[in-house]
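Enquirer: Right, I'll just put the structure down here and ask away after.
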Amino acid sequence: MKANLDRVVSVPAWPSLRRSAAFRRAIESLFAAVALVPCLPLMGLTAIVVWINLGRPLLFTQVRAGVGMRVFTILKFRTMTDARGADGELLADELRQTKLTALLRRLRFDELPQLLSILRGDMSLVGPRPLPLATVAAFGELGRLRCLVPPGMTGWAQVNGNTRLSDDQKIALDLWYVGHASLRLDGFILLLTLKTIVLGEKVHRAHLKMAEEYVARRTNLQG
């Protein structure tokens with residue numbers, strides 16, 4: 001995937017989304033504002049669990065790349081320690097969590113503060129998960145392409161395997177989403193998110209194959 005990568009992913013649906021951006025933004029802001037009320041007790045409970053299990057700080061903050069590579073600071077409840085091995089590298093995620101903080105991650109309670117990011121306009125409910133700037137840069141043009149749409153609290157890659165996927169597989173799923181973004185697809189992803197929270201992560205091979213073939217086809221067409 002080299003030349004003409006700007007056209008590897010066509011975005012026929014995104015212009016229509018932009019035309020209804022004000023409506024979409026209003027709906028998401030209203031949802032986030034309303035959802036904050038019942039989520040406040042959950043956020044309080046999550047904060048207590050983090051404080052007991054990991055201590056302070058309660059929140060994890062990091063600069064991430066948003067739509068159009070515009071940077072913003074993401075908020076999450078901290079669910080992992082900074083424990084490192086003898087080589088100085090961070091230990092695997094599962095080794096830096098407790099049973100309770102791992103449960104918080106599965107239930108997505110750690111991401112509830114991102115409702116504030118939706119209110120600020122930095123994120124959407126659905127979209128590719130926001131990545132650190134260094135990670136986006138490492139993906140080159142592919143990283144920039146996935147930033148054509150706003151990042152989301154949940155996304156196509158997250159409901160199709162998430163931690164069970166390789167980085168390349170996640171990128172393929174994200175790019176497929178960019179090329180097919182629509183309000184209908186977002187609704188489907190939200191339903192799959194609830195299913196994933198209840199039943200756990202599962203790789204949907206059909207969706208993954210479709211995404212990989214989509215990216216490969218676009219790449220071949222552009223030479």
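Just so you know, all these numbers are worked out from the coordinates, no wet-lab data involved. Being a predicted model, the structure only gives us computed values, none of them experimental. For neighbour counting, all protein chains shown are included, and Cβ atoms are generated from backbone atoms with ideal geometry for every residue, glycine included.
Enquirer: Exactly one of these conditions fails for Glu111: (1) surrounded by fewer than 16 Cβ atoms within 10 Å (Cβ to Cβ); (2) within 13 Å of the chain's Cα centre (by Cα). Give me its number.
Expert: Failed condition: (1).
Enquirer: Right, something else. Take Leu95 and decide whether it is surrounded by 19 or more Cβ atoms within 10 Å (Cβ to Cβ), in contact (Cβ under 8 Å) with a residue 12 or more places away in the chain and part of a helix (DSSP H, G or I).
Expert: So Leu95 fails the test.
Enquirer: Look at region 139-169 and say how many of its residues are within 18 Å of Gly179 (Cα to Cα), aliphatic (A, V, I, L, M) and more than 9 Å from the chain's Cα centre (by Cα).
Expert: The total comes to 5.
Enquirer: In region 116-139, is there at least one residue being buried (at least 18 other Cβ atoms within 10 Å of the Cβ), of a type in the set (D, E, K, R) and within 21 Å of Lys202 (Cβ to Cβ)?
Expert: So far as region 116-139 goes, yes, one or more of its residues are buried (at least 18 other Cβ atoms within 10 Å of the Cβ), of a type in the set (D, E, K, R) and within 21 Å of Lys202 (Cβ to Cβ).
Enquirer: Given (1) β-branched (Val, Ile, Thr); (2) part of a helix (DSSP H, G or I); (3) under 20 Å from the mean Cα position of the chain (by Cα); (4) more than 20 Å from Val126 (Cα to Cα), where does Ile27 come up short, assuming only one miss?
Expert: Going through (1) β-branched (Val, Ile, Thr); (2) part of a helix (DSSP H, G or I); (3) under 20 Å from the mean Cα position of the chain (by Cα); (4) more than 20 Å from Val126 (Cα to Cα) one by one, Ile27 breaks only (4).
Enquirer: Quick check on this structure: which one of Leu119, Leu175 is within 28 Å of Pro41 (Cβ to Cβ), in contact (Cβ under 8 Å) with a residue 40 or more places away in the chain and not in a loop (DSSP other than H, G, I, E, B)? Steps first, answer last, please.
Expert: Working: Leu175 fails: within 28 Å of Pro41 (Cβ to Cβ).
Exactly one residue qualifies, and that residue is Leu119.
Each row is one residue, and each column tells you yes or no for (1) in contact with a Cys (Cβ under 6 Å, 6 or more places away or on another chain); (2) within 23 Å of Gln114 (Cβ to Cβ); (3) not hydrophobic (A, V, I, L, M, F, W, C).
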position	(1), (2), (3)
Gly140	no, no, yes
Pro151	no, yes, yes
Ala157	no, yes, no
Thr163	no, yes, yes
Ala181	no, yes, no
Arg205	no, no, yes
Leu208	no, no, no
Glu212	no, no, yes
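Enquirer: If you check Gly85 against the conditions, is it small (Gly, Ala, Ser) and surrounded by fewer than 14 Cβ atoms within 10 Å (Cβ to Cβ)?
Expert: Yes; evaluated as a whole, the condition is true for this residue.
Enquirer: Oh, and also: From the residues in region 94-152 that are out of contact with any Asp or Glu (no Cβ under 6 Å at 6 or more places or on another chain) and among the basic types (Lys, Arg), which one is farthest from Ala32 (Cα to Cα)?
Expert: Arg96
Enquirer: Still on this model: In region 186-216, how many are assigned to a helix (DSSP H, G or I), charged (D, E, K, R) and without any contact (Cβ under 8 Å) to a residue 60 or more places away in the chain?
Expert: Result for region 186-216: 5.
Enquirer: May I ask you to say which residue of Ile74, Ile48 is surrounded by fewer than 20 Cβ atoms within 10 Å (Cβ to Cβ) and on the phi < 0 side of the Ramachandran plot?
Expert: Testing whether each residue is surrounded by fewer than 20 Cβ atoms within 10 Å (Cβ to Cβ) and on the phi < 0 side of the Ramachandran plot leaves just Ile48.
Enquirer: May I ask you to verify whether Met123 is at positive phi and of a type outside the set (Phe, Trp, Tyr)?
Expert: no
Enquirer: Same structure again: All but one of (1) exposed (fewer than 14 other Cβ atoms within 10 Å of the Cβ); (2) within 17 Å of Pro150 (Cβ to Cβ); (3) of a type outside the set (Val, Ile, Thr) hold for Leu190; which doesn't?
Expert: (1)
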